[in-house]
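These notes concern the structure reproduced below.
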Amino acid sequence: MAEYVHPDVLVSTQWVADNLNDPNIKIVESDEDVLLYEVGHVENAIKIDWQTDLQDQLVRDYIDKEKFEQLLSDKGISNDSTIVFYGDKSNWWACYAMWVFKLFGHEKCLIMNGGRQKWIEEERPITKDVPDFPKTDYKVSGTNEAIRAFRDDVVGHIGSGNPLIDVRSPKEFSGELLHMEAYPQEGALRGGHIPGAANVPWATAANEDGTFKSADELKAIYMDDKGLKEGDDIIAYCRIGERSSHTWFVLTYLLGFEGVRNYDGSWTEWGNLVKAPIEK
Amino acid sequence: MLVIASLFHFNFMAKIQEIIDAFQIADYQETLAMLLDYSESLPALPEKYVEQRDQGFNRVPECETPVFVWIEVNDDKVHIDADVPEESPTVRGFVSLLVDSFNGATPQEVLSAPQNLVHDLGLDQKLGTRRMFGLSAVYNRIKSSVKEVSGLS
């Protein structure tokens, strides 16, 4: 059985349980639900919220370098901290937070395989105590825009025939969902997908227990079925760039693709962009 | 009768306004704490609805979180039963707030509740606008169901 290309970025719940008091390791919980951390979390876990902490509240962008430095300094994370991310929904939001941390160049980022769900199902202890780590002086040394795609990159991608992976549900991909009264939250005026995109819903890469599928299974999905091959320049997208960060993680670390970008503008940008080509 | 009805109406609106005021002055942490309290106090789903829930009936389709709502109107009083998973405490807290505020009110009173309650509570500013679509949808669904069940046009 094949191994993940970078197995070192995944740690088990047991590993986290064994290392949660290590001062060089910082555990970060990032969930879709803003209150879930307050219900109870892994001891010493720090809450980072994808929306209130990481996104600028005025510009549709992430916080700037200075605010990121302030955030991590306040949370007690230093430049050489090893960060273990975990969260709800098969680590979907944990991958999103990790992707943002990578944008700001934080090197040592790991994911707890199975996330919050596995930790709870294994009946491991949770606490409501919020850790109070000493403040640090975090400095961003350089950002890493190579993992982020903007709309012009996507336009170029369509022309060159490079692979695009749409990780939304099949009905969103086909454009059917936007016409259903039941889902007004999509926030785009046109339904469908970016021309040439292949549809691989993000959760296809996850097992029932929230862990990632095996390397062989992932290869079968992305390489055998969708034809991704070594050296490919890949852009993944979804609705707002969160689900696709899960796929970015899978393609980059578990399958070892070196040129994977997340288009965080995603469908809420593309589906509203005047004159942008759409396929149904 | 008219006087009594409007008095009740006033009390209902005063209660809603009290909740809005409490949320308005609350900071981020206090807002989370209030929602958590509501989340923890949502009454358990009555046994008679469990099977329906398990079969997927009465789900609010607009919300990504599985929210289930049953609405009855007896003697001009609204009664709401709801179920939201504990893994979604924010949505659960908001639904619990609605159940607590609306139960016992008349259908007219429920319909007179602010149109944009999520905004009035300040949740969109504190929790981020992208999270609010589901909550607004649940709110609108409850109001429109009350309207439908009570036969108001």
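The values are calculated or read from the model by the stated rules, or taken from the named source; none is laboratory data. From a predicted model like this one, the values you see are computed outputs, not experimental measurements. Neighbour counts are summed over all protein chains in view; Cβ atoms, including those assigned to glycine, are modelled from backbone coordinates with ideal geometry. Just the protein is used for accessible areas: all its heavy atoms, side chains included, with ligands, DNA and RNA removed. Shrake-Rupley method; radii C 1.70, N 1.55, O 1.52, S 1.80 Å.
Of note:
- Dipole orientation for the protein assembly as shown: of the candidates A:Gly105, A:Ser169, A:Val16, A:Ser169 has the Cα lying most toward the positive pole (charges on Cβ; Lys, Arg +1; Asp, Glu -1).
- Length-normalised contact order for the range A:56-209 - Cα pairs under 8 Å, 6+ apart - percent: 23
- For chain B, the relative contact order works out to 26 percent when only alpha carbon pairs closer than 8 Å and six or more residues apart are counted.
- The range A:52-143, dipole about Cα centre (Lys/Arg Cβ +1, Asp/Glu Cβ -1), debye to the nearest 20: 180
- Cα gyration tensor shape for the range A:25-65, rounded if a/c is under 1.5, else prolate or oblate: oblate
- Summed side-chain charge close to A:Lys108 - residues other than A:Lys108 whose Cβ falls under 14 Å, Lys, Arg +1, Asp, Glu -1: -2
- Three-way shape label, the range A:155-280, alpha-carbon gyration tensor, a/c 1.5: oblate
- Within the accessible area of chain A, the carbon and sulfur atoms contribute 50%, probe 1.4 Å, all protein chains present.
- Axial C-alpha extent at least 15 Å, average Kyte-Doolittle at least 0.5 - helices from chain B (DSSP): B:2-25, B:89-102
- Whole-Hz ³J(HN,Hα) from phi, Karplus 6.51 cos²θ - 1.76 cosθ + 1.60, for the range A:196-202, glycine and proline x: x, 6, 9, 9, 9, x, 3
- Largest mean-square fluctuation among A:Arg239, A:Arg60, A:Arg116, in a Gaussian network model of chain A whose springs join Cα atoms under 10 Å apart, belongs to A:Arg60.
- Candidate cross-link partners of A:Lys128 among the lysines, defined by an alpha-carbon separation under 23 Å and a same-chain spacing of 8 or more, comprise A:Lys26, A:Lys47, A:Lys75, A:Lys89, A:Lys118, B:Lys126.
- Per-residue [θ]222 nm for chain A (sum of -39500 (n - 2.57) over DSSP H runs n ≥ 4, rounded to 500): -7000 deg cm²/dmol
- Loop-resident GluC sites (Glu not before Pro) (DSSP state other than H, G, I, E or B) in the range A:1-56 with no more than 10 further Cβ atoms inside 10 Å of their Cβ: A:Glu3.
- Farthest positive-ward along the range B:31-153 dipole, Cα basis, beta-carbon charges - from B:Ser101, B:Pro114, B:Ser88: B:Pro114
- For the range B:85-153, the dipole from Cβ point charges (+1 on Lys and Arg, -1 on Asp and Glu) about the Cα centre works out to 200 debye, to the nearest 20.
- Charged neighbours of B:Ala44, selected by a Cβ distance under 13 Å, balance to -2 (K, R count +1; D, E count -1).
- Prolate/oblate/rounded label for chain B (Cα gyration tensor, a/c 1.5): oblate
- Measuring nothing but alpha carbons in the range A:90-203 and taking Rh as the Kirkwood radius, the Rg to Rh ratio lands at 1.06.
- Structural descriptor for chain A: relative contact order 22 percent, calculated from alpha carbon pairs under 8 angstrom and at least 6 residues apart.
- Based on the Kirkwood approach, the hydrodynamic radius assigned to chain A is 19.3 Å, with every pair of different Cα atoms included.
- Positive-end residue, the range A:1-137 charge dipole about Cα centroid, Cβ charges, pick of A:Leu35, A:Ile46, A:Tyr86: A:Tyr86
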